[in-house]
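The values are calculated or read from the model by the stated rules, or taken from the named source; none is laboratory data. It should be emphasised that the depicted structure is a prediction, and the values quoted were computed from it without experimental measurement. A quick note on method: Cβ atoms are made from the backbone with ideal geometry, for glycine too, and the neighbour counts reach across all protein chains shown.
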């Protein structure tokens, strides 16, 4: 059967079950170059967004909110070349809602020299702005600004880990000195390192180019940026991941441990890469483990 690709607008796709799509910036988008918006959303069984130049937050509110009023900003993966907005975005937001957690899907800009003056900082600007925006409007969203976490898949995991380790390297204007630090991190088969031996080369090439300097590789290798102030993390990875080596999660966990931060890591023997919430090689559901961890850490 010939497959049909449906080209949809992001707003149409995400607002079917979402409450609100919020522009990330009130005025001009920082670090941007004037260009035609060529963003496209396709659905061939998986919802994919490409050519993102106008970032947004899509807010999913739970029907019954947890007393903790926790919230999570979700960064879908896609190698910094696309966003897997369905199984690493919408589906996850709904599952978090079922736990009583407010979920906010970040449609972050995809690095591109044609739309950014410095593509390496574009996604980080957007995630920092997301934390700024949500915390400054915590009452509006009815959330606790001290229980705002981040969740990232694959390259979105790299962005989430960068946000968790480099929140003091502020790449946006922050006149109110709002905290840009996540209170906790949830990292799913994440790209952590830009080191040749560990990285997903496509993600690295897309974010910092094909010939980054040693200093740039170090800066974006988040296992090297962990400090005692880095938030706790819950990590999931598969040993047979052929796209993003499991060593990425192990390196981050070890860096946390060396700094006295005790996170939790779930390693599956099989599952490969990109399975979202459903690793079909096991009856185990990592979302159940995540819920237990959030309860233990008093975020749920």
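If a residue must be part of a helix (DSSP H, G or I) and closer than 22 Å to residue 102 by Cβ, how many such residues does region 162-177 contain? Lay out the reasoning, then the answer.
So in region 162-177, the residues part of a helix (DSSP H, G or I) come out as 162-165.
Then keep just the ones that are closer than 22 Å to residue 102 by Cβ; that gives 163-164.
Counting residues in region 162-177 that are part of a helix (DSSP H, G or I) and closer than 22 Å to residue 102 by Cβ gives 2.
Go over the candidates 190, 123, 145 one by one and state the one that is modelled with pLDDT of 95 or more and farther than 27 Å from residue 68 by Cβ. Working first, answer last.
Details: 190 fails: farther than 27 Å from residue 68 by Cβ; 145 fails: farther than 27 Å from residue 68 by Cβ.
From the options 190, 123, 145, the qualifying one is 123.
Is it the case that residue 212 is surrounded by 14 or more Cβ atoms within 10 Å (Cβ to Cβ), modelled with pLDDT of 95 or more and more than 14 Å from residue 186 (Cβ to Cβ)? Write out each step before concluding.
Numbers: surrounded by 14 or more Cβ atoms within 10 Å (Cβ to Cβ): yes; modelled with pLDDT of 95 or more: yes; more than 14 Å from residue 186 (Cβ to Cβ): yes.
Against the criterion (surrounded by 14 or more Cβ atoms within 10 Å (Cβ to Cβ), modelled with pLDDT of 95 or more and more than 14 Å from residue 186 (Cβ to Cβ)), residue 212 qualifies.
Within region 249-261, which residues are in contact with a helix residue (DSSP H, G or I) (Cβ under 9 Å, 6 or more places away or on another chain) and either on the phi > 0 side of the Ramachandran plot or in a loop (DSSP other than H, G, I, E, B) (or both)?
Listed by number, the list holds a single entry, 261.
Among the residues of region 221-248, how many are in contact with a helix residue (DSSP H, G or I) (Cβ under 6 Å, 6 or more places away or on another chain) and either under 16 Å from residue 124 (Cα atoms) or part of a loop (DSSP other than H, G, I, E, B) (or both)?
Looking only at that region, the number is 5.
Out of the residues in region 151-193 that are surrounded by 24 or more Cβ atoms within 10 Å (Cβ to Cβ) and over 13 Å from the mean Cα position of the chain (by Cα), state the one that is farthest from residue 138 (Cα to Cα).
That would be 193.
Would region 97-105 turn up any residue that is surrounded by 23 or more Cβ atoms within 10 Å (Cβ to Cβ), at pLDDT 95 or above and either out of contact with any strand residue (DSSP E or B) (no Cβ under 9 Å at 6 or more places or on another chain) or assigned to a helix (DSSP H, G or I) (or both)? Break it down into steps so the answer makes sense when it comes.
Of all residues in region 97-105, those surrounded by 23 or more Cβ atoms within 10 Å (Cβ to Cβ) come to 101-105.
Okay, now just the ones that are also at pLDDT 95 or above, so 101-105.
Of the ones still in play, those that are also either out of contact with any strand residue (DSSP E or B) (no Cβ under 9 Å at 6 or more places or on another chain) or assigned to a helix (DSSP H, G or I) (or both) are none.
The answer is no; no qualifying residue exists.
Tell me, yes or no, whether region 204-219 has at least one residue that is in contact (Cβ under 8 Å) with a residue 12 or more places away in the chain, assigned to a loop (DSSP other than H, G, I, E, B) and in contact with a helix residue (DSSP H, G or I) (Cβ under 6 Å, 6 or more places away or on another chain).
Among the residues of region 204-219, not one is in contact (Cβ under 8 Å) with a residue 12 or more places away in the chain, assigned to a loop (DSSP other than H, G, I, E, B) and in contact with a helix residue (DSSP H, G or I) (Cβ under 6 Å, 6 or more places away or on another chain), which makes the answer no.
Which pairs do you get when a residue that is free of Cβ contacts under 8 Å to residues at least 12 places away in the same chain, found in region 125-148, comes within reach of a residue that is not in a helix (DSSP H, G or I), reach meaning Cβ atoms under 6 angstrom, with the pair 6+ apart or on two chains?
138/145
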